[in-house]
Structure formats: C-alpha cells, structure tokens
Amino acid sequence: MHVPAAYLIVVLVWSTTPLGIVWSGETIHPIMAAWSRMAIAAVLGWLLLRALRIPLSWRGPHLRAYGYALLGVYGALSLSYVAAQTVPSGLISVLFGLSPLLSALLAQWLLNEPPLPVYRWIACVVALAGLGAIFLDDVAIGRDIVPGVLLILVAVALFSYSAVMVKKTASPAHPLAQTVGTLLLSQPFFAVTWLVLDGSVPSVDWSSASPWAIVYLALFGSLLGFVSYYHVLRHLSASTVALVTLITPVFALYLGQWLNGEIISAALALGSGLILAGLALFFFGHRIFLRPARRPRGVTGP
C-alpha cells in the first residue's frame with residue numbers, strides 16, 4: 001500500500017467514524033451495534049491472521065496488552081455508542097481530539113516520560129478553554145445531551161489510559177494480532193452488557209442506515225483504518241501522523257452538518273477551533289518556542 005493512499009484512508013475513516021456510530025444506533029440498540037461491529041471485525045481479522053500466518057498468542061505480555069486495550073475497545077466504545085444517541089457526531093470527534101493531550105499527561109505519570117515543556121502546558125490550557133467554551137454554549141450543549149457529553153469525556157479518558165498502558169506493556173504482538181486478540185476478548189463483555197441493558201433480539205431494518213453503518217465500521221473503521229494507520233505510523237514521522245487529529249474533527253463537523261443536519265453554532269466553532277489550536281501548539285509548538293537562535297554572519301563552528 002502506498003503511504004499517501006494509506007494516509008488518505010486514515011483521514012477518511014477517522015472523519016466518518018463518529019457519524020457511522022451515530023447512524024449505527026438509529027434502529028439497533030447501541031450496544032448491539034457496537035457488538036456486531038466488533039464481532040464482524042474479529043471474524044474477518046482472524047481469517048486474515050490465518051491467511052497471513054500471523055500467530056495469535058494468549059500468554060504473558062500479549063494477554064496483558066489485550067486486557068489494557070480492552071479498556072479502549074470495549075470501555076470507550078460502549079460509552080461512545082450510548083452517548084451517540086444524543087451527542088452530535090462532529091462534537092464526538094472534537095472531544096476525542098483531546099486524547100493526544102490526555103495521553104501525554106498520563107504518560108508523565110505512568111511511563112515516567114520527561115516533563116512537558118512549557119508550550120505544551122499552554123497548549124493544554126488552550127484546549128481546556130475550548131472545552132469550556134463548548135460547555136457554556138446552550139446550542140451545542142443543551143441539558144438533554146450533557147450526560148452524553150460526560151460519557152464521551154469518560155470514554156476519552158479510558159481510550160487515552162488504554163493507549164498508554166498498552167505501550168507500557170511493550171507487547172511484541174503484531175499490530176493485527178493485537179487488534180484481533182482484543183476484539184475476541186471483548187465479545188463476552190459486549191454480550192453481557194447487551195443482555196443487561198436490552199437483551200431483545202433486534203429486527204434488522206435494511207432500509208435504515210444502521211446495518212450499513214455497522215458493516216462499514218467493521219470493514220473500514222476496525223480493519224482497513226487500523227492497518228492503514230500502522231502503515232502510516234511506520235513510514236512517516238509522528239508529527240506528520242499527528243496532523244490527522246487536526247484534520248479529522250474539521251471534516252467530521254461538516255460531514256455531520258451536511259449529512260445529518262447537525263448544528264454548528266458560533267460557540268461550538270470557537271470551542272472546536274481552540275481545541276484544534278491547542279493540539280497544533282502541542283504537536284508543533286517546538287518550531288516556535290524552541291527555534292535555535294540565529295548566529296551573526298561570519299560566525300562558524302558548532
């Protein structure tokens with residue numbers, strides 16, 4: 001796969017995933033929608049593992065990595081699917097844009113990484129100001145969607161913690177094996193949650209968007225998007241890959257407005273802009289704040 005094509009796939013998949021989550025729960029219980037997506041992806045991924053002869057281990061660091069990844073696959077996605085019944089898809093994408101910032105903060109504590117430079121703390125403050133602007137907007141955050149927004153924020157925290165802990169395990173598992181192992185492990189958790197919250201056998205309405213959104217997310221969101229992401233991550237710099245988190249919320253906001261009739265109020269636009277500005281400063285602020293001083297002309301040496 002060519003790197004530019006893989007990068008484009010990642011941008012398109014991540015931009016459309018929030019809208020797919022919203023649509024998949026229109027006529028099917030959200031937990032059933034999430035479970036169906038993961039089950040389809042797990043089966044297809046397992047077949048792909050067999051075809052490529054990639055081993056799937058259930059021992060030691062592999063199993064620990066699956067367990068930590070489960071917090072993101074089952075925990076974060078379950079909350080996101082439930083919240084998507086009231087929260088617009090564009091806002092979901094914007095809020096998940098906070099995950100790189102939160103992951104970096106958690107890495108300070110859990111991975112003993114070097115302290116964050118001042119410009120990155122400023123970036124976090126800017127992003128939090130954007131979050132505050134969104135919460136103060138009665139159009140973007142009505143009383144009926146406040147619980148859903150809080151669920152999304154908990155999902156972002158679980159997703160970020162999961163990513164940091166998977167990295168901490170230093171699992172030698174192949175990325176595809178890591179994904180399939182986590183998807184298979186998530187199946188009983190989704191099943192129990194569905195039994196507790198619903199338990200009724202769904203009637204699939206193929207004239208609605210729900211089943212098609214589930215199939216799309218299973219094939220593209222959970223498999224092709226993942227493979228493309230790791231392909232891009234292997235061949236491009238981390239800062240170039242990080243641009244995806246700046247691009248996708250913008251696309252997701254306008255896709256939600258265009259295809260789902262979602263409202264982009266002035267305060268939502270302002271808050272989203274501040275969050276994206278915080279992300280840009282977080283990833284690329286070193287080019288401004290850490291720029292080396294220019295030497296006078298004629299001065300040579302190290």
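The values are calculated or read from the model by the stated rules, or taken from the named source; none is laboratory data. Quick caveat: nothing in here was measured; it's all calculated off a predicted structure. So basically every Cβ, Gly included, is an ideal-geometry build from the backbone, and we count neighbours across all protein chains shown. Please note that ligands, DNA and RNA were not included when accessible areas were found on the heavy atoms of the full protein model with its side chains. Shrake-Rupley method; radii C 1.70, N 1.55, O 1.52, S 1.80 Å.
Remark: spin-label model distance Leu52-Leu197 equals 3.0 nm, labels positioned 7 Å along the Cα→Cβ axis.
With a Förster radius of 22 Å applied to the C-beta separation of Ile263 and Trp212, the computed FRET efficiency comes to 0.35.
The chymotrypsin sites (Phe, Trp or Tyr not before Pro) of region 172-233 that DSSP puts in a loop, and whose beta carbon has at most 14 other beta carbons within 10 Å, are Trp206.
Once the Cα-Cα distance is subtracted from the 0.36 nm per residue extended length, the Lys167 to Val43 segment shows a gain of 42.1 nm. Computed over protein heavy atoms with a 1.4 Å probe, the accessible surface of the chain works out to 51 Å² per residue.
Note on the chain: semi-axes of the ellipsoid equivalent to its C-alpha gyration tensor, largest first and rounded to whole Å, are 33, 26, 18. Taking a point 7 Å from the Cα of Asp205 along the Cα-to-Cβ direction, the residues of region 27-56 with backbone N closer than 13 Å to it are 27-29.
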